[in-house]
Amino acid sequence: MSWNRKHLLDIESLSPAEIVTVLDTARAFKAVGERAIKKVPALRGKTVVNLFIEPSTRTRISFELAALRLTADVINFTAEASSLKKGESLKDTARNLEALNADIIIIRHSATGAPHFLSRFLRGSVINAGDGAHEHPTQALLDTFTIREHKGKVEGLNVTILGDILYSRVARSNIQALLKLGARVTLCGPSTLVPRVFEEMGCRVTYDVDAAIADADVINLLRIQHERQRKTMFPSIGEYTSLFGLSKARFARTRPDVLIMHPGPINRGVEINSEVADCDRSVVLEQVTNGLAVRMAVLFLVNGGKGPQEIAQ
Ligand code: CP
C-alpha cells in the first residue's frame, strides 16, 4: 500500500493499510534518527507552519524538530502574539500564511473540525495536531507505533484506556487506530466520563478498574481534561484518584509484561502514581521519542512521499 493523501485530518478516514504505511515509514525514519547525521533533505525548500492556537509542549516541539530533520523551513506561530488577538479570523490568518508560501500547516485548535475547515480552501497540506475533543491523529499513530515496537503486533492485544474518555481527542484517535489494527479496546473511568455510547464503536466499557486492568497488555492513562469540562463530572480529585487512579497497589495486580502509557501532560498522583509513571514498564518518554519519527513520516507522506521504500536505509 502506498500513501496518496495530501492531508492528515483524522484516523477515522484512514484505512488499516494507510495506518501501517505511516508506522512502517516512521520505523524507517527512526533508523535515520539513529545515524550520526540525522537530517535528510526530503522537505528542502518547503515551509512548514506550526499554527498552535492551544497550548502544547510535546506535539509542537516534536513537529518542529521533525520538520527541521527533513530540512524544511519552520515557522512557529504563537496565538498570543498574533493578530488573532486583534480579531483576525482563523481563515484570514491561514490565508496570510499561505500567501507567504506555507506548504504544510500543522494546526492545533480548541474547535472540533478546525483542520478540516482549513483543508477545504488551502492549497497546501493540513495536519491535525489536535482539534478540541475530536481527534489527535499523530498521538494515536505514535502510541500504536510504540505498542507495535514492544509487543511486535497490535492485533489481538488487550488495550485498556483509563480516565477521561469523553473529553479526550487522544482516546477517540486511539480507539479508531487500535480497532482498525485488530486490538481489543476496554474503556474505564467514571460513568460520567465513559458513556456506554462508546460500545457502539466496538469497545468494551467497564466501571470496574480492577476488571479493566487485570488482563491488559497495555494500559493507557488519560488525564482529566478540566479545560473542556463545562460542569463537575465527579465529586473530587481525591475520590477520582482513589477509585480510578493507577496506584501502586493496582499496578501490582497487572500483568508482569504490561506496558504503561500516557500521552502527557501527566498529573502525577492523580491518574497515575508517580513511581508507576517512572517504573520500568512505563514507556511514557519512549512515546515522545517515537513521536519524532512518526511526525517525520507524516510530514514526508503528506508532501508526496509514498512509503518506507523511498527512505534510503
Ligand atoms: N500529548 C500531547 O498532545 O501533549 P502536548 O499537549 O504537550 O502537545
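The values are calculated or read from the model by the stated rules, or taken from the named source; none is laboratory data. Fair warning: this is a prediction, and the values are worked out from it, not measured in the lab. Methodologically, a virtual Cβ is constructed for each residue, glycine included, from the backbone with ideal geometry; neighbour enumeration extends over all protein chains shown.
Can you say whether ARG223 is touching a residue at least 60 places away in the same chain (Cβ under 8 Å) and assigned to a loop (DSSP other than H, G, I, E, B), as far as the supplied structure shows?
Spelling it out, ARG223 is indeed touching a residue at least 60 places away in the same chain (Cβ under 8 Å) and assigned to a loop (DSSP other than H, G, I, E, B).
With (1) within 27 Å of ALA99 (Cβ to Cβ); (2) of a type in the set (Asp, Glu); (3) surrounded by fewer than 17 Cβ atoms within 10 Å (Cβ to Cβ) as the list, and GLU34 as the residue in question, which single condition is left unmet? Only one criterion is unmet by GLU34, namely (1). LEU43 falls short on exactly one of the conditions (1) over 25 Å from VAL170 (Cβ atoms); (2) within 16 Å of the ligand (Cβ to nearest atom), and that condition is (2).
Of all residues in the range 187-202, those satisfying the criterion of being out of contact with any Cys (no Cβ under 7 Å at 6 or more places or on another chain) and without any contact (Cβ under 8 Å) to a residue 40 or more places away in the chain are SER191, PRO195, ARG196, VAL197, PHE198, GLU199, GLU200, MET201, GLY202. Exactly one residue among ILE11, ILE19 is crowded, with 18+ Cβ neighbours inside 10 Å, assigned to a helix (DSSP H, G or I) and among the aliphatic types (A, V, I, L, M), and that residue is ILE19. Would you mind stating whether PRO115 is within 26 Å of PHE300 (Cα to Cα), out of contact with any His (no Cβ under 9 Å at 6 or more places or on another chain) and in contact (Cβ under 8 Å) with a residue 60 or more places away in the chain? So PRO115 fails the test.
Taking each residue of the range 37-57 that is in contact (Cβ under 8 Å) with a residue 60 or more places away in the chain and hydroxyl-bearing (Ser, Thr, Tyr) and looking for partners that are within 16 Å of the ligand (Cβ to nearest atom) and in a loop (DSSP other than H, G, I, E, B) with beta-carbon atoms closer than 9 Å, six or more apart or interchain, yields THR57/GLY264; THR57/PRO265. So, in the range 182-200, of the ones that are closer than 29 Å to SER15 by Cβ and touching a helix residue (DSSP H, G or I) at 6+ places or on another chain (Cβ under 6 Å), which residue ends up surrounded by the most Cβ atoms within 10 Å (Cβ to Cβ)? If we take residues in the range 182-200 being closer than 29 Å to SER15 by Cβ and touching a helix residue (DSSP H, G or I) at 6+ places or on another chain (Cβ under 6 Å), then LEU187 is surrounded by the most Cβ atoms within 10 Å (Cβ to Cβ).
Restricted to strands (runs of 3 or more DSSP E) entirely inside the range 66-163, those with at least 3 residues that are within 16 Å of the ligand (Cβ to nearest atom) are 73-78, 104-109, 125-131. Can you spot a residue in the range 72-81 that is over 25 Å from LEU14 (Cβ atoms), in contact with a Lys or Arg (Cβ under 6 Å, 6 or more places away or on another chain) and surrounded by fewer than 19 Cβ atoms within 10 Å (Cβ to Cβ)? No, the range 72-81 contains no residue that is over 25 Å from LEU14 (Cβ atoms), in contact with a Lys or Arg (Cβ under 6 Å, 6 or more places away or on another chain) and surrounded by fewer than 19 Cβ atoms within 10 Å (Cβ to Cβ). Restricting attention to the range 55-65, the residues that are more than 7 Å from the ligand (Cβ to nearest atom) and either at pLDDT below 95 or buried (at least 17 other Cβ atoms within 10 Å of the Cβ) (or both) total 4.
Checking each residue in the range 188-240 for being more than 23 Å from the chain's Cα centre (by Cα), among the β-branched types (Val, Ile, Thr) and at pLDDT 95 or above picks out THR206, VAL209. Tell me yes or no: at least one residue of the range 123-134 is on the phi > 0 side of the Ramachandran plot, outside the structural domain of GLU199 (by TED's automatic domain parsing) and crowded, with 24+ Cβ neighbours inside 10 Å. Yes; the residues of the range 123-134 include at least one that is on the phi > 0 side of the Ramachandran plot, outside the structural domain of GLU199 (by TED's automatic domain parsing) and crowded, with 24+ Cβ neighbours inside 10 Å. As a summary of the residue check, THR93 satisfies the conditions (1) under 20 Å from THR289 (Cα atoms); (2) of a type in the set (S, T, N, Q); (3) crowded, with 17+ Cβ neighbours inside 10 Å except for the one numbered (1). Of the residues examined, ARG250 is not one that is in a loop (DSSP other than H, G, I, E, B), away from the ligand (no atom under 16 Å from the Cβ) and modelled with pLDDT of 95 or more. Applying the criterion of being at pLDDT 95 or above and buried (at least 20 other Cβ atoms within 10 Å of the Cβ) to the residues of the range 265-276, the residue that is farthest from SER236 (Cα to Cα) is VAL276.
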